[in-house]
Amino acid sequence: MPTIRRIAQSLEQWAPPASAQDYDNVGLQVGRGDTEVQRAVLALDLTHDVLDEAIDAGAELIVTHHPLIFQPLKHVTGSGYANNLALRLAESGIALYSIHTNLDAAPGGVSFALAERLGVSKPTFLAPMDDATCKLVTFVPESHAEAVHTAMADAGGGRIGDYDACAFRTRGTGTFRPGEGTNPHIGTAGGELETVEEIRLEMEVTQWALPAVRAAMHQAHPYEEVAHDVYPLDQSTTQAGMGAIGMLDGVMPLSAFLDRVSSQLDAESLRYAGTPDAPVERVAVCGGAGSSLVGAAQGAGADAYVTADVKYHDFFRVLGTDTGTPQMAFIDAGHYETEALTESLLRDWLAERFPAVTWQRTSHRTSPMRTFVGDAG
């Protein structure tokens, strides 16, 4: 059976922890990485009901989207919600792994699943991640250029959009003098100045893939000392981002789209700014708290933006300058409602890769919030 460490490594290839937001705390929160897993429970949040369910099922692992431990715990006792649950996990021998904003930022992650649920086709990132890439450059003799290129690409270098192994090569002349005690690929230790025809090989690499790509480069390179440079790039990456945007199959009035959002997300009520008969075709989404991306949705030409945790004054941001009429529908469907689909997203993804494990989606609604719809009139 796979260990927790092996499962985590697979998840982190999809959603690298380094792509998580600064405030986040992702990864293995409680438990041992070498524990073998036969059954696991998947939930948006860890609650006492979820933990009871895992205990009853004989599960070794719980995977949640939201971390239990955001801030360091000062003690692990029976007092305090997070402290108590952490203690119960340890006493039960059940591990907890959380995959949060790194899954939000991953291709095919939470917002992509939300877009698909709402009928948005061929979604792309609404806000690609900025300052996440660098250029890795090395200098390699022509005889080994292909091997080094392949090794770097296999480790995750040179991925741009739907293309991989992207690189640029320039021929040039390298020089070096082997010192005493060296073991040079060309020349002899303590020898004369050597001149060799080399290839300047450069690849775009994400910051989180850089350690693996650089290690692969060193492994495949014939030189004892591998000259290389790393340059930061002031550009966004297509490999990570927040939110998603795409097109519906056809135009519908906002009133009909609101009905779709409500039914597809099991949202008892929606808060929104918009004109009911306004046409909706281009739709942006962000699972969870995504009001900070309303400007990106407007800039991308969205007719409607679906997210959660929108503050009152943020709704004013979509009003027209002169008329006060909403220029884009802005819809708050609820945090739990826009992210509960993470449970099935993770179940399907993990079941495909670890079919020997029983992946059990929780039967409990983990949100502590309830909606009261009164008769105001």
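The values are calculated or read from the model by the stated rules, or taken from the named source; none is laboratory data. Everything numeric in this text was worked out from a predicted model, so none of it was measured. Quick reminder, even Gly has a Cβ in these numbers, built from the backbone with ideal geometry, and neighbours come from all protein chains shown. All accessible areas refer to the heavy atoms of the entire protein, side chains included, with ligands and DNA or RNA removed. Shrake-Rupley method; radii C 1.70, N 1.55, O 1.52, S 1.80 Å.
Of the listed requirements (1) under 30 Å from Val261 (Cα atoms); (2) open to solvent by 50 Å² or more (accessible area, probe 1.4 Å), Glu146 misses just one: (1). Being open to solvent by less than 60 Å² (accessible area, probe 1.4 Å) and under 18 Å from the mean Cα position of the chain (by Cα) holds for only one residue in Val50, Val30, Val63, Val37, and it is Val63. Listed by first and then second residue, the pairs with beta-carbon distance under 9 Å, at least 6 apart or on different chains, first residue in segment 98-110 and of a type in the set (Asp, Glu), second open to solvent by 10 Å² or more (accessible area, probe 1.4 Å), are Asp104/Ala20; Asp104/Gln21; Asp104/Met242. If I filter segment 125-137 for residues that are touching a residue at least 40 places away in the same chain (Cβ under 8 Å), touching a Cys at 6+ places or on another chain (Cβ under 9 Å) and under 28 Å from Asp234 (Cα atoms), do I get at least one hit? Within segment 125-137, one or more residues are touching a residue at least 40 places away in the same chain (Cβ under 8 Å), touching a Cys at 6+ places or on another chain (Cβ under 9 Å) and under 28 Å from Asp234 (Cα atoms).
In this structure, is Arg214 part of a strand (DSSP E or B) and charged (D, E, K, R)? It is false that Arg214 is part of a strand (DSSP E or B) and charged (D, E, K, R).
Examine segment 227-238 for a residue that is among the hydrophobic types (A, V, I, L, M, F, W, C) and either in a strand (DSSP E or B) or within 19 Å of the chain's Cα centre (by Cα) (or both), and state whether such a residue exists. Checked segment 227-238: at least one residue is among the hydrophobic types (A, V, I, L, M, F, W, C) and either in a strand (DSSP E or B) or within 19 Å of the chain's Cα centre (by Cα) (or both). Over 27 Å from Ser292 (Cβ atoms), of a type outside the set (A, V, I, L, M, F, W, C) and open to solvent by 40 Å² or more (accessible area, probe 1.4 Å): is that true of Arg88 in this structure? So Arg88 passes the test. Considering the conditions (1) out of contact with any Gly (no Cβ under 9 Å at 6 or more places or on another chain); (2) open to solvent by 20 Å² or more (accessible area, probe 1.4 Å); (3) not β-branched (Val, Ile, Thr), Leu201 is excluded by exactly one of them, (2). Among residues of segment 354-370 being out of contact with any strand residue (DSSP E or B) (no Cβ under 7 Å at 6 or more places or on another chain) and surrounded by 10 or more Cβ atoms within 10 Å (Cβ to Cβ), the one that is farthest from Ala57 (Cα to Cα) is Ser367. Of everything in segment 288-302, what is within 20 Å of the chain's Cα centre (by Cα), open to solvent by less than 40 Å² (accessible area, probe 1.4 Å) and among the hydrophobic types (A, V, I, L, M, F, W, C)? Give them in sequence order. Leu293, Val294, Ala296, Ala297 - these are the residues of segment 288-302 that are within 20 Å of the chain's Cα centre (by Cα), open to solvent by less than 40 Å² (accessible area, probe 1.4 Å) and among the hydrophobic types (A, V, I, L, M, F, W, C). Only one of the numbered conditions (1) open to solvent by less than 30 Å² (accessible area, probe 1.4 Å); (2) among the polar types (S, T, N, Q); (3) within 16 Å of Val306 (Cα to Cα) is violated by Thr237, and that is (3).
Which ones in segment 261-287 are within 12 Å of Ala333 (Cα to Cα) and surrounded by fewer than 18 Cβ atoms within 10 Å (Cβ to Cβ)? Correct list: Ser262, Ser263, Gln264, Asp266, Glu268, Ser269, Leu270, Arg271. Thr206 meets the stated requirement of being in contact with a strand residue (DSSP E or B) (Cβ under 9 Å, 6 or more places away or on another chain), of a type in the set (Ser, Thr, Tyr), in contact (Cβ under 8 Å) with a residue 12 or more places away in the chain and under 30 Å from Asp154 (Cα atoms). Per the listing Ala351, Ala333, the residue uniquely among the hydrophobic types (A, V, I, L, M, F, W, C), free of Cβ contacts under 8 Å to residues at least 40 places away in the same chain and open to solvent by less than 60 Å² (accessible area, probe 1.4 Å) is Ala351.
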